[in-house]
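Visitor: Take a look at the following structure, please.
The values are calculated or read from the model by the stated rules, or taken from the named source; none is laboratory data. Note that this is a predicted model, so its numbers are computed, not measured. As a convention, Cβ positions derive from the backbone with ideal geometry for all residues, glycine included, and neighbour counts pool all protein chains shown.
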Amino acid sequence: MTFGKEPSATGLAIRTAVILVLFVSVFTAALAILHSLTEPAIRASAAEEEMRAINDALPRELYDSDLLADKIELPPTADLGQDQPSVAYRAHRGGLPAALVLKAIAPDGYSGKIHMLVAVRVDAGHVGELAGVRVTEHKETPGLGDYIDPKKDKNKAHPWIDQFDGQSFAKLPEKTWKVKKDGGQFDSIAGATVSPRAVVKAVKKALAWADANQERLFAATDKKGGQR
């Protein structure tokens, strides 16, 4: 009885390599298809989350434009605490500039960087009042310094962060933008002043930067090459 020859080591290696290449190709194609199917949903979810955060800082009734379609890239900006590029959102109402929403960072929180959205109203071509401020990311001590975040603040009726609503340099001179412990006008909780001190300082710097740059920001060309 005659039996076929056993495959050589080289033949086995080639066959294994071919099977492996086929498996990797099929797996890669499957991942690409899955990504193409899920990417629109992921983008939509990210855009929804982005708008939710923006509208927490900037009330929706203050603008009627599409902020996500009208944002411009900013270089690293020290006055915003940004050592990486960021973006500025430009809000319009009735075709006129209404507000700017900036991404700012307080670098000196108790437990590290405090990320924020700072919304500044624009009135007759001039930066006016703060429309709102929202902390979007932080690592402050739970139950102590995290009251800067309205989601963590136990005072739901009057969150600490709401102190910024409607404030401006016309109402509060720049030298008074400190927590009361430091001789300023902003409240803080005893024993937990590092976090609010960092936020107040960062918001003050962001407001001053918006005041100095709002005309340039609204005149800048957007990503699509248009002029607003």
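Visitor: Hey, can you tell me all the residues within the range 208-228 that are modelled with pLDDT under 90 and either in a loop (DSSP other than H, G, I, E, B) or over 21 Å from LEU67 (Cα atoms) (or both)?
Guide: ALA220, ASP222, LYS223, LYS224, GLY225, GLY226, ARG228
Visitor: Sticking with this one: Taking the criterion of being touching a helix residue (DSSP H, G or I) at 6+ places or on another chain (Cβ under 9 Å), in the same structural domain as GLY81 (by TED's automatic domain parsing) and touching a residue at least 60 places away in the same chain (Cβ under 8 Å), would at least one residue in the range 161-168 satisfy it?
Guide: Within the range 161-168 (the criterion being touching a helix residue (DSSP H, G or I) at 6+ places or on another chain (Cβ under 9 Å), in the same structural domain as GLY81 (by TED's automatic domain parsing) and touching a residue at least 60 places away in the same chain (Cβ under 8 Å)), the answer is no, since none of the residues qualifies.
Visitor: If you scan the range 86-137, which residues turn out to be on the phi < 0 side of the Ramachandran plot, free of Cβ contacts under 8 Å to residues at least 12 places away in the same chain and either assigned to a loop (DSSP other than H, G, I, E, B) or among the aliphatic types (A, V, I, L, M) (or both)?
Guide: Within the range 86-137, just LEU96 meets the criteria.
Visitor: Another question about this same structure. Can you tell me which residue is farthest from LEU58 (Cα to Cα) among those in the range 163-206 that are in a helix (DSSP H, G or I), among the aliphatic types (A, V, I, L, M) and touching a strand residue (DSSP E or B) at 6+ places or on another chain (Cβ under 6 Å)?
Guide: Taking the candidates together, the pick is ALA198.
Visitor: With the requirement that a residue be surrounded by fewer than 10 Cβ atoms within 10 Å (Cβ to Cβ) and modelled with pLDDT under 70, what does the range 1-36 give you?
Guide: Those that are surrounded by fewer than 10 Cβ atoms within 10 Å (Cβ to Cβ) and modelled with pLDDT under 70: MET1, THR2, PHE3, GLY4, LYS5, GLU6.
Visitor: I've got another one for you. All but one of (1) touching a Ser or Thr at 6+ places or on another chain (Cβ under 7 Å); (2) within 14 Å of GLY109 (Cα to Cα) hold for LYS181; which doesn't?
Guide: Here LYS181 meets the rest and fails (2).
Visitor: Moving to a separate point now. Quick test of your reading of the structure: LEU217 fulfils all but one of (1) touching a Lys or Arg at 6+ places or on another chain (Cβ under 8 Å); (2) more than 28 Å from GLU73 (Cβ to Cβ). Name the failing condition by number.
Guide: Just one mismatch for LEU217, condition (2).
Visitor: May I ask you to say which residue of LYS171, LYS113, LYS205, LYS151 is basic (Lys, Arg), assigned by TED's automatic domain parsing to the domain that holds GLY95, under 18 Å from the mean Cα position of the chain (by Cα) and modelled with pLDDT under 95?
Guide: Working: LYS171 fails: under 18 Å from the mean Cα position of the chain (by Cα); LYS113 fails: modelled with pLDDT under 95; LYS205 fails: modelled with pLDDT under 95.
It is LYS151.
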